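Read through the structure below, which is laid out as structure tokens, and then see the notes.
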Amino acid sequence: MSELPSGWTHCSLEDCVEILDSLRIPINNSERQQRIEGKATDQLYPYYGATGQVGLIDSFLFDEELVALGEDGVPFFDPMKSKAYMLHGKTWVNNHAHVLRGLNSIVTNKLVLYYLNQFDYQGFVNGGTRLKLTQASMRAIPVTLPPLAEQIRITQ
């Protein structure tokens, strides 16, 4: 392995992000449809799944900038397609996406997003027809981190 520039470090994903998966609440489509029936759009919030927004819902679980990383049904081996996306404001995330918050003094959410979208998931996902990234495998993803000032420069 090559030597890193000064100030750069290696870690695993679990060492640089907070994993908020335990805050997700799975809900089936018929229940979600019942919850939004008769409500105006301005009373609803984005509802996210593995690859992005999949609808609306009448409540929210998160209210901040976060990173969502697909858990299953994601094109993990297509380098041109996103595996992670940014969440902003009031949102609900179902159990098909991991929810991550970069640890303030270690990594920015933007760098996490960019890193996860370029990462080679070979050996980290399993399954035949529908690939899955388990939380255990996600935690072990190796990350190379530049200093915070460099992260901000890279992601601008």
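Quick one: which helices (runs of 4 or more DSSP H) lie wholly within the stretch 70-156 and hold at least 3 residues that are surrounded by fewer than 17 Cβ atoms within 10 Å (Cβ to Cβ), at pLDDT below 95 and β-branched (Val, Ile, Thr)? Give the derivation first.
Numbers: elements: 109-118, 135-139, 148-155.
Helices (runs of 4 or more DSSP H) meeting the threshold: 148-155.
Out of all the residues in the stretch 1-43, which are assigned to a helix (DSSP H, G or I), touching a Phe, Trp or Tyr at 6+ places or on another chain (Cβ under 8 Å) and open to solvent by less than 70 Å² (accessible area, probe 1.4 Å)?
Selection gives ARG32 alone.
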**Prompt:** Out of (1) under 22 Å from PRO142 (Cβ atoms); (2) surrounded by 15 or more Cβ atoms within 10 Å (Cβ to Cβ); (3) more than 13 Å from the chain's Cα centre (by Cα), the odd one out for TYR47 is which?
**Reply:** (1)
**Fill in**
PRO46 passes all but one of the listed conditions (1) touching a Ser or Thr at 6+ places or on another chain (Cβ under 8 Å); (2) part of a loop (DSSP other than H, G, I, E, B); the exception is number (2)
**Asked** If you check every pair at least six apart or on different chains, which have Cβ atoms under 8 Å apart with a residue in the stretch 33-55 that is touching a residue at least 12 places away in the same chain (Cβ under 8 Å) and over 25 Å from LYS83 (Cα atoms) first and a residue that is outside any strand (DSSP E or B) and of a type in the set (Ser, Thr, Tyr) second?
**Response** ARG35/SER59
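The values are calculated or read from the model by the stated rules, or taken from the named source; none is laboratory data. These numbers were taken from a predicted model, which means no experiment stands behind them. Cβ coordinates were reconstructed from backbone atoms using ideal geometry, including for glycine residues, and neighbour counts include every protein chain displayed. Heads up: the accessible areas ignore ligands, DNA and RNA and are worked out on the full protein's heavy atoms, side chains in. Shrake-Rupley method; radii C 1.70, N 1.55, O 1.52, S 1.80 Å.
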